[in-house]
Amino acid sequence: MEHIVSLCKRRGFIFQNSEIYGGINGFWDYGPVGVTLKNNVKKFWWESIVDHRRDVVGVDTTIIAHPETWRASGHVASFSDPMVDCRLCKGRYREDQIEKDDAGNYICPTNKCKGDFTEARAFNLMFRTFVGAQEENTAEAYLRPETCQSIFTQFKNVLTVSRQKIPFGIAQIGKSFRNEITPRNFTFRSREFEQMELEFFVKPDAGIQKEWYEYWKNTRYQWYQDLGIKKEKLHLRDHEKDELAHYASACVDVEYDFPFGRSELEGVADRGNYDLNQHIQFSKKDLSFFNQEANEKYVPAVIEASAGCDRTVLTVLCDAYDEDEIGGEKRVVMRFAPHIAPIQLAILPLSKKLAEPSMKVEADLRKEFKTDYDDAGSIGKRYRRQDEIGTPFCVTYDFDSESDGKVTIRDRDTTKQDRIAITEIRNYTLENMQRKA
Ligand code: GAP
């Protein structure tokens with residue numbers, strides 16, 4: 001993991017937020033190649049969930065919602081972790097994460113003292129803020145801990161305007177905030193992160209719910225493979241009955257073998273019609289669906305597929321990371337699938353004197369591909385930089401290029417070089433991108 005974290009900083013994927021002030025635990029910034037990688041992941045999710053389907057529409061709702069939202073969803077009452085304080089070192093810990101000795105006493109994680117712990121108290125994970133000029137209870141609001149609740153509160157509006165019929169889904173990508181007690185494993189558990197959530201509404205019927213649950217479970221598992229993640233590192237783990245939220249009848253996690261262990265990427269759950277019913281009860285508004293053809297009215301059940309965007313990016317980074325040896329020299333290479341690589345083609349002139357014609361080639365390719373132009377340092381150094389940011393193809397423009405109209409194109413994975421016509425770069429790249437995908 002240290003190698004990946006160090007590469008992320010060195011090459012501009014991910015930086016610690018406020019680093020110049022010593023950083024702030026649980027907050028991370030994406031650098032120039034990181035933001036492109038993240039955008040590519042979001043685009044790939046949005047296309048497969050919304051753009052390529054007739055039965056899912058998108059929304060973009062606010063981070064702060066009416067506080068009643070979080071009372072209805074149950075977050076105000078129970079979105080909490082049990083916390084204990086060590087009276088000796090004043091540390092605060094999650095009760096379920098501290099070790100016990102043979103006699104059943106907690107071992108304080110900070111200094112391994114036996115500790116003298118307070119009783120466990122519930123610590124709500126929602127960030128609180130105030131809306132308006134007054135800092136009083138009536139103005140209190142929360143930063144959303146999940147993006148899906150506004151999908152439920154907007155259900156009726158979306159149903160009306162989209163003219164969809166059950167079954168259909170509403171999707172959203174956006175920031176969520178959780179005051180995690182122990183943010184850790186790089187971006188895996190952060191306090192500010194992005195979710196990619198789909199709420200798919202179906203008729204409340206055990207058989208129909210099961211059918212769609214299975215469908216989304218398989219579809220989402222396949223999506224990570226299509227993203228380019230190695231299948232052998234992806235797993236589906238069904239929740240045991242005692243792990244399920246009281247309203248959920250089934251839940252499965254998509255997991256990945258991270259360097260720090262197998263961990264959750266996404267949860268697919270059959271939430272029944274709990275959420276809509278809660279909002280009906282709290283808002284006293286009708287959020288039911290009327291099926292005109294069958295003349296029946298019901299509150300739909302929902303199958304949720306809730307993915308973490310930052311966790312997916314971290315998975316892509318861990319999965320792509322590789323070290324190998326080329327001609328006796330060690331190198332780090334990020335083997336991203338070309339469709340999500342931050343840069344697809346790098347144009348590298350052999351000399352700064354070749355800037356004008358090589359920039360022209362780059363400008364043409366930029367219209368279709370994500371390109372980079374780099375003329376600084378030796379060609380070997382430039383290849384290494386491109387390998388570390390995972391650029392699948394590097395084009396070298398040399399002194400013969402102008403007379404013979406050809407360039408050398410190098411494959412990131414094999415380092416094999418081909419001499420091809422400038423007019424062929426486009427087709428060569430497209431064909432080889434497909435081969436790698
Ligand atoms: N609406 C359901 C929901 O939010 P969740 O299991 O709490 O379910 C869904 O979160 C996904 O959001 C997780 O699988 C994970 O990928 C991501 N996620 C949750 N907490 C996170 C955190 N602290 N940091 C990064 N990602 C997080």
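Are any of the residues in the range 43-53 part of a loop (DSSP other than H, G, I, E, B) and assigned by TED's automatic domain parsing to the domain that holds G308? Reasoning before the result, please.
So in the range 43-53, the residues part of a loop (DSSP other than H, G, I, E, B) come out as 52-53.
When the remaining residues are screened for being assigned by TED's automatic domain parsing to the domain that holds G308, the result is 52-53.
Looking through the range 43-53, at least one residue is part of a loop (DSSP other than H, G, I, E, B) and assigned by TED's automatic domain parsing to the domain that holds G308.
Does any residue in the range 232-255 that is under 28 Å from C318 (Cβ atoms) and in the same structural domain as T312 (by TED's automatic domain parsing) come within less than 7 Å, Cβ to Cβ, of a residue that is within 14 Å of the ligand (Cβ to nearest atom) and open to solvent by 70 Å² or more (accessible area, probe 1.4 Å) six or more places away or on a different chain, and which pairs are these?
H235/R262; V252/R237; D253/R237; D253/E264; E255/R237; E255/R262; E255/E264
Among what's in the range 367-382 and is without any contact (Cβ under 8 Å) to a residue 24 or more places away in the chain and either touching an Asp or Glu at 6+ places or on another chain (Cβ under 6 Å) or charged (D, E, K, R) (or both), pick the residue that is most open to solvent (accessible area, probe 1.4 Å).
Top of the filtered list is K367.
Would you pick out the residues in the range 241-271 that are open to solvent by 60 Å² or more (accessible area, probe 1.4 Å) and more than 25 Å from R184 (Cα to Cα)?
Matches in the range 241-271: K241, D242, H246, Y247, S249.
Could you please let me know if I24 is in a loop (DSSP other than H, G, I, E, B), open to solvent by 40 Å² or more (accessible area, probe 1.4 Å) and of a type in the set (A, V, I, L, M)?
Values: in a loop (DSSP other than H, G, I, E, B): yes; open to solvent by 40 Å² or more (accessible area, probe 1.4 Å): yes; of a type in the set (A, V, I, L, M): yes.
Yes, satisfied.
Mind telling me which of the residues I425, I409 ends up being in contact with a helix residue (DSSP H, G or I) (Cβ under 7 Å, 6 or more places away or on another chain), under 18 Å from F336 (Cβ atoms), outside the structural domain of K9 (by TED's automatic domain parsing) and buried (at least 20 other Cβ atoms within 10 Å of the Cβ)?
Numbers: I425 fails: under 18 Å from F336 (Cβ atoms).
One residue alone meets the criteria, I409.
Return yes when Q222 is at pLDDT 95 or above, away from the ligand (no atom under 16 Å from the Cβ) and touching a Ser or Thr at 6+ places or on another chain (Cβ under 9 Å) and no when it is not. Let's see the steps before the verdict.
Details: at pLDDT 95 or above: yes; away from the ligand (no atom under 16 Å from the Cβ): yes; touching a Ser or Thr at 6+ places or on another chain (Cβ under 9 Å): no.
No.
Only residues that are closer than 18 Å to H66 by Cα, assigned to a loop (DSSP other than H, G, I, E, B) and touching a helix residue (DSSP H, G or I) at 6+ places or on another chain (Cβ under 8 Å): list them for the range 96-132, please.
Here is the first cut: in the range 96-132, the ones closer than 18 Å to H66 by Cα are 124-132.
Filter once more, keeping what is assigned to a loop (DSSP other than H, G, I, E, B): 125-127, 131-132.
Across the range 96-132, the qualifying residues are M126, V131, G132.
Can you name every residue in the range 181-219 that is closer than 19 Å to D270 by Cβ and in contact with an Asp or Glu (Cβ under 6 Å, 6 or more places away or on another chain)?
Answer for the range 181-219, where residues must be closer than 19 Å to D270 by Cβ and in contact with an Asp or Glu (Cβ under 6 Å, 6 or more places away or on another chain): E199, Q209, Y213.
Condition test on I173, is it open to solvent by 10 Å² or more (accessible area, probe 1.4 Å), within 15 Å of the ligand (Cβ to nearest atom) and among the aliphatic types (A, V, I, L, M)? It would help to see each step written out before you state the result.
Numbers: open to solvent by 10 Å² or more (accessible area, probe 1.4 Å): yes; within 15 Å of the ligand (Cβ to nearest atom): yes; among the aliphatic types (A, V, I, L, M): yes.
Against the criterion (open to solvent by 10 Å² or more (accessible area, probe 1.4 Å), within 15 Å of the ligand (Cβ to nearest atom) and among the aliphatic types (A, V, I, L, M)), I173 qualifies.
Could you pull out the residue among F123, F117 that is closer than 15 Å to I181 by Cα, among the aromatic types (F, W, Y) and in contact with a strand residue (DSSP E or B) (Cβ under 9 Å, 6 or more places away or on another chain)? Let's see the steps before the verdict.
Values: F117 fails: closer than 15 Å to I181 by Cα.
Just a single option satisfies the conditions, and that option is F123.
Can you tell me which of (1) touching a residue at least 12 places away in the same chain (Cβ under 8 Å); (2) within 12 Å of the ligand (Cβ to nearest atom) is the one P259 doesn't meet?
Of everything listed in (1) touching a residue at least 12 places away in the same chain (Cβ under 8 Å); (2) within 12 Å of the ligand (Cβ to nearest atom), P259 misses just condition (2).
Please find, within the range 389-399, the residue that is nearest to T423 (Cα to Cα) out of those that are buried (at least 19 other Cβ atoms within 10 Å of the Cβ) and not aromatic (F, W, Y).
Applying the first criterion (buried (at least 19 other Cβ atoms within 10 Å of the Cβ)) to the range 389-399 yields 389-397.
Add one more test, that the residue is not aromatic (F, W, Y), and what stays is 389-392, 394-396.
Working: I389: 26, G390: 24, T391: 20, P392: 19, C394: 15, V395: 12, T396: 14 Å.
It comes out as V395.
Which of the residues spanning the range 299-316 are farther than 16 Å from W28 by Cα and either among the aliphatic types (A, V, I, L, M) or touching a Ser or Thr at 6+ places or on another chain (Cβ under 6 Å) (or both)? Give the steps one after another, and end with the answer.
Taking the range 299-316 first, the residues farther than 16 Å from W28 by Cα are 299-307, 316.
Within the range 299-316, V299, A301, V302, I303, A305, A307, V316 meet the criteria.
So in the range 184-208, with the set limited to residues that are of a type outside the set (D, E, K, R), open to solvent by less than 30 Å² (accessible area, probe 1.4 Å) and farther than 11 Å from W28 by Cα, which one is farthest from the ligand (Cβ to nearest atom)? I'd like the intermediate steps shown before the answer.
Taking the range 184-208 and keeping what is of a type outside the set (D, E, K, R), we get 185-188, 190, 193, 195-196, 198, 200-202, 204, 206-208.
Restricting the remaining residues to those that are open to solvent by less than 30 Å² (accessible area, probe 1.4 Å) gives 186-188, 190, 195-196, 198, 200-202.
Checking which are farther than 11 Å from W28 by Cα leaves us with 195-196, 198, 200-202.
Working: Q195: 5, M196: 9, L198: 10, F200: 13, F201: 15, V202: 17 Å.
Checked the range 184-208; the qualifying residue farthest from the ligand (Cβ to nearest atom) is V202.
Quick check on my filter: what residues within the range 290-313 are among the polar types (S, T, N, Q) and more than 16 Å from the ligand (Cβ to nearest atom)? It would help to see each step written out before you state the result.
So the first thing to find is which residues in the range 290-313 are among the polar types (S, T, N, Q), and the list is 291-292, 295, 306, 312.
N291, Q292, N295 - these are the residues of the range 290-313 that are among the polar types (S, T, N, Q) and more than 16 Å from the ligand (Cβ to nearest atom).
Going by what's in this entry, would D85 be described as of a type in the set (D, E) and either in contact with a Leu (Cβ under 7 Å, 6 or more places away or on another chain) or not in a strand (DSSP E or B) (or both)? Don't jump to the end; show me each part of the working.
Details: of a type in the set (D, E): yes; either in contact with a Leu (Cβ under 7 Å, 6 or more places away or on another chain) or not in a strand (DSSP E or B) (or both): no.
Considered against the rule, which asks whether it is of a type in the set (D, E) and either in contact with a Leu (Cβ under 7 Å, 6 or more places away or on another chain) or not in a strand (DSSP E or B) (or both), D85 comes out as no.
The values are calculated or read from the model by the stated rules, or taken from the named source; none is laboratory data. It should be emphasised that the depicted structure is a prediction, and the values quoted were computed from it without experimental measurement. Ideal geometry is used to build each Cβ from the backbone, glycine not excepted, and the neighbour counts take in all protein chains shown. Each accessible area value is taken on the protein alone, full model and side chains, heavy atoms only, with ligands, DNA and RNA left out. Shrake-Rupley method; radii C 1.70, N 1.55, O 1.52, S 1.80 Å.
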